[in-house]
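The values are calculated or read from the model by the stated rules, or taken from the named source; none is laboratory data. From a predicted model like this one, the values you see are computed outputs, not experimental measurements. Positions of Cβ are generated from backbone atoms using ideal geometry, with glycine treated the same way; all protein chains shown enter the neighbour counts. When the accessible area is computed, the model is the full protein with side chains, heavy atoms only, and any ligands, DNA or RNA have been set aside. Shrake-Rupley method; radii C 1.70, N 1.55, O 1.52, S 1.80 Å.
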Amino acid sequence: MQRDPAACAKAGIEDFHPHDFRHTFGSRLARATKNIKLVQKAIDHSNIKSTLRYVSVQQEEIVEARGRVQTARAPLRLVAAE
């Protein structure tokens with residue numbers, strides 16, 4: 001895929017590279033699935049370290065995760081195995 005400088009200028013987009021689509025896809029897939037191995041396969045990375053660059057954590061995700069931990073802190077009820 002080639003970059004079209006005229007189209008980018010018309011749209012008011014600066015510093016665009018076709019690889020940005022790949023990064024956006026990887027980031028959105030990671031956020032939607034929470035499955036880094038799936039993202040690795042989907043964008044054909046041989047090394048998981050490469051895939052980790054596509055994962056960005058948003059502040060709202062941190063707040064949501066903390067809320068889940070608070071909810072999970074309810075007392076556990078142990079059940080004997082039958």
Exercise. Once you list every other residue whose beta carbon is under 15 Å from the beta carbon of Val57, what net charge do they have if Lys and Arg are +1 and Asp and Glu are -1?
Worked result: +3
For this session: With the Cα gyration tensor of the stretch 27-74 in hand, convert its eigenvalues to equivalent ellipsoid semi-axes via √(5λ) and list them largest first in whole Å.
Result: 26, 11, 8
Problem set entry | Farthest positive-ward along the chain dipole, Cα basis, beta-carbon charges - from Ile13, Gln70, Asn47 | Gln70
Exercise. Quick one: Kirkwood hydrodynamic radius for the stretch 1-43, alpha-carbon pairs, angstrom, one decimal?
Worked result: 11.7 Å
Exercise. In a GNM of the chain with a 10 Å cut-off on Cα contacts, which of Thr24, Thr71, Thr33 has the highest mean-square fluctuation?
Worked result: Thr71
Exercise. To the nearest 0.05, how large is the calculated FRET efficiency for Val55 and Lys10 if R₀ is 25 Å and r is the Cβ-Cβ distance?
Worked result: 0.20
For this session: Using a cut-off of under 16 Å, list every residue of the stretch 15-59 whose amide N is near the label point 7 Å from the Cα of Arg66 along the Cα-to-beta-carbon line.
Result: 57-59
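Could you do me a favour and compute the accessible area per residue for the chain, 1.4 Å probe, result in Å²? List each step's numbers first, then the result.
Numbers: 7170 Å² over 82 residues.
It amounts to 87 Å² per residue over the chain.
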Seminar exercise, completed: In debye to the nearest 20, the charge dipole size for the chain, taken about the Cα centre with +1 at each Lys and Arg Cβ and -1 at each Asp and Glu Cβ, equals 320 debye
Exercise. Quick one: what Rg and Dmax do you get for the chain from the alpha carbons, in Å?
Worked result: 19.7, 70
